[in-house]
Amino acid sequence: MNNKIAVFASGTGTNFDAIVNAVNEGTLDAEVSLLVSDKINAGVIEKAQKRDIDTVVCTPKSFTDKAAYESAVLADCRARNVEWIILAGYMRLIGPTLLESYANRIINIHPSLLPAFPGKDAIGQAVDKKVKVTGVTVHFVDDGMDTGPIIAQEALSITEEDTKDDVRRKIQAVEHRLYPHVIQSLLTKEEAK
Ligand code: GRF
């Protein structure tokens, strides 16, 4: 099958690593053909380079507008025959250029049970609200902020004693297992069509 995927990330890249590990272990039947980062000093870039994965660092401010930025990224994806775009901590809304070219083929992972706590610092929002249950959502990307159709969710309990770092650790443990699994399910479904 060997589906070609691009991971878009702006941060440390622990989900990126989990995806590449799943590919290497054979539980995710895909090729990570490209990492796209919009932050020149994102930790994920070094992770990709260590693993010899093609990396494109593309900062929106060096383009005239979002459409020009996304056209450049789109060209990088098309040049590698990328079929799916996997957002993993990509801190930017996706615009029409990419949405139209990859309709229903862009997915995101978010560290809350959407529609609760969309946007930035979902973990901090959950801790501040003292919720007892939070979780992880994988969803298709649309033009809103964490609003696309939900594909999968997993809940986890938190206690009053849990600090934000404790909650982040719990969330990450779920993310690193759930995301590769959900990506594999999508690829399998697509294959069966
Ligand atoms: C994850 O919590 C993900 O849910 C959110 O951004 C974070 C990225 O973390 N969208 P990492 O860079 O993969 O470690």
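The values are calculated or read from the model by the stated rules, or taken from the named source; none is laboratory data. Given the structure is predicted, the values throughout are model-derived calculations rather than measurements. Every residue, glycine among them, receives a Cβ derived from its backbone with ideal geometry; neighbour counts consider all protein chains shown. Keep in mind that these areas ignore ligands, DNA and RNA; they rest on the heavy atoms of the full protein, side chains included. Shrake-Rupley method; radii C 1.70, N 1.55, O 1.52, S 1.80 Å.
Numbers for the structure displayed
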item: Surface share of carbon and sulfur [accessible, 1.4 angstrom probe, percent] for the chain; result: 51 percent
item: For the stretch 3-192, with +1 on Lys and Arg beta carbons and -1 on Asp and Glu, the positive-most of 125, 150, 45 along the dipole; result: 125
item: Three-way shape call for the chain based on the alpha-carbon gyration tensor, with the a/c threshold at 1.5; result: prolate
item: Value of [θ]222 nm, deg cm²/dmol, for the chain, DSSP H segments ≥ 4, -39500 (n - 2.57) each, nearest 500; result: -12500 deg cm²/dmol
item: Cα-centre dipole for the chain with unit charges at Cβ (Lys and Arg positive, Asp and Glu negative), debye to 20; result: 140 debye
item: Antiparallel content of DSSP bridges confined to the chain, in %, to 5; result: 40 percent
item: Accessible-area ranking of 121, 38, largest first, probe 1.4 Å; result: 121, 38
item: Accessible-area value, residue 101, 1.4 Å probe, nucleic acids and ligands omitted, Å²; result: 50 Å²
item: Residue 165 accessible area, assembled protein chains, probe 1.4 Å, Å²; result: 80 Å²
item: Dipole magnitude (debye, nearest 20) for the stretch 76-135, charges at Cβ of Lys, Arg, Asp, Glu; result: 180 debye
item: Rough spin-label spacing in nm, given labels placed 7 Å along Cα→Cβ, for residue 191 and residue 61; result: 4.3 nm
item: Which listed pairs, of 39/66; 132/170; 4/193; 61/129, have C-alpha distances above 24 Å, in listed order; result: 61/129
item: Selected from 184, 34, 67, residue furthest toward positive end of dipole (the chain; charges at beta carbon); result: 67
item: Linear extension gain, residue 81 paired with residue 133, 0.36 nm per residue minus alpha-carbon span; result: 14.7 nm
item: Accessible surface of residue 191 - all protein chains present, 1.4 Å probe, nearest 10 Å²; result: 120 Å²
